[in-house]
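The values are calculated or read from the model by the stated rules, or taken from the named source; none is laboratory data. Predicted model, so just to flag it, every value in this text is computed and none were measured. For neighbour counting, all protein chains shown are included, and Cβ atoms are generated from backbone atoms with ideal geometry for every residue, glycine included. These accessible areas exclude ligands, DNA and RNA; they are computed on the full protein's heavy atoms, side chains included. Shrake-Rupley method; radii C 1.70, N 1.55, O 1.52, S 1.80 Å.
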Amino acid sequence: MKIGIAAAFGDSPLRDIGFLKAFAQAAEASGFHSLWVPEHIVFFTRYTDPYPHTPDGVAPWKGRFGLYDPMLVCTVAACVTTRLRLGSAVLIVPERPPLLVAKEIMTLDHIAEGRFDFGAGLGWSSQEYAALGVPWERRGKRFDEYLAAIKVAWSEEAAEFNGEFVQFKDAVLQPHPLTPNGPPILIGGNSDFAIRRALRIGDGWIGVGTRYEDPEPLLARLHAALEQDDRPKDRDFQIKLSLPYSPRNSDDDLLKLIRTTASLGLHELVLQLPVRAKHLESDMRRWSGLLGLTT
């Protein structure tokens, strides 16, 4: 099982572009397989929708909060690394025009020399959709159609697509992605709907665990869906899970978690580890040594 690391950038003055470059280089040197970054285009001081990853539904950030754009973050990281894979966890696809997404990810795929994984999801905040002028209703149908349109634009010389939400004809989006058929598309989300969507239209699935729950039932649901779809041993379907580090747990707890998830057929565990801006090198050395990632 591969081990990746998830991190946010732009959320404080210390975690600026300079820190991003240093972080990506340190992650690669420390033996991490990948770096995954989150997305929200805009944040709010108050939310009307419950946050799905805390028991009380309250978002963990307070007041002013920000993030750099994930595709630009991955572009910067790609330019200062040579082996580290990069991924969005996850890009909220229905909030952006699909041909713009196709163009940006195609360009990133060339810059990263095929090292980008396209994590795609629906998001959870209706306020964010409203602020961007995008309907919240039927977002699942819109998501499916956008991804289908993106794949067509990546593969056809003069692309044509006739859907409910997207229509184009004789559209030329060149060059095509460096990765044949485009970067892998990993569908994000923990619901049964998201899992079924990943099996239907994705190259894999990336789930998000929380420090409040055991990841085993989530992975069990995924494997049950694979069995039902007659794909229990589909090696091409990538299974990834992002999990936060809990300071309440010991190093032994973390290592036990890694062994458990590996035994459940996980291809990659993406850890949300605390790495302090002022202690980047020492923190990376600690995690690399603990996890046995020394290159």
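Computed as a quarter of the hull surface, the mean projected area of the alpha carbon convex hull for the chain stands at 15.3 nm².
Accessible area per residue of the chain at 1.4 Å probe, in Å²?
Values: 14170 Å² over 295 residues.
It amounts to 48 Å² per residue over the chain.
At most 11 other Cβ atoms within 10 Å and a DSSP loop assignment: could you name the trypsin sites (Lys or Arg not before Pro) in segment 204-255 that fit? Can you show the working numbers first?
On the way: sites: Arg211, Arg221, Lys233, Arg235, Lys240, Arg248; in loops: Arg211, Lys233, Arg235, Arg248.
Passing both the DSSP loop test and the Cβ count: Lys233, Arg235, Arg248.
Once the Cα-Cα distance is subtracted from the 0.36 nm per residue extended length, the Lys169 to Glu216 segment shows a gain of 12.4 nm.
What does the convex hull of the alpha-carbon atoms of segment 12-105 project to on average, in nm²? Display every interim value, and only then the final one.
On the way: hull surface 30.2 nm².
With the hull built on Cα positions only, its mean projection is 7.5 nm².
Restriction of the trypsin sites (Lys or Arg not before Pro) in segment 42-120 to DSSP coil positions whose beta-carbon has at most 10 other beta-carbons within 10 angstrom yields Arg46, Lys62, Arg64. Considering only Pro184, Pro13, Pro244, the mean-square fluctuation computed in a Gaussian network model of the chain, springs between alpha carbons under 10 angstrom, is largest for Pro13.
The alpha carbon convex hull volume per residue for segment 149-204 rounds to 86 Å³. Considering only Cα atoms, the convex hull volume of segment 232-276 works out to 72 Å³ per residue. Taking every alpha-carbon pair under 8 Å whose residues sit at least 6 apart, the chain reaches a relative contact order of 20 percent. Annotation: average projected area of segment 218-295 is 6.4 square nanometres, based on the convex hull of Cα atoms across all directions. The Rg/Rh ratio of segment 51-135, with Rg taken over Cα atoms and Rh as the Kirkwood radius over Cα pairs, comes to 1.02. DSSP beta bridges confined to the chain are antiparallel in about 10 percent of cases. Computed from label points 7 Å out along Cα-Cβ, the spacing between Phe65 and Val80 is 2.5 nm.
Work out, in µm²/s and without decimals, the Stokes-Einstein translational diffusion coefficient of segment 167-243 at 37 °C, 0.692 mPa s, Rh from Kirkwood over C-alpha pairs.
Details: Rh = 14.0 Å.
Estimated diffusion coefficient is 234 µm²/s.
Quick one: net charge of Asp253's neighbours, Cβ under 14 Å, K/R +1, D/E -1? Walk me through the numbers before you get to the answer.
Numbers: positive: Arg211, Arg248, Lys256, Arg259; negative: Asp214, Asp251, Asp252.
Net charge around Asp253: +1.
In plain terms, the chain from Tyr51 to Leu255 could stretch by 70.6 nm, reckoned as 0.36 nm per residue minus the Cα-Cα distance.
If you roll a 1.4 Å probe over the chain with all protein chains in place, what percent of the accessible area is carbon or sulfur?
On the way: 7420 of 14170 Å².
With neighbouring chains kept in place, the figure for the chain is 52 percent.
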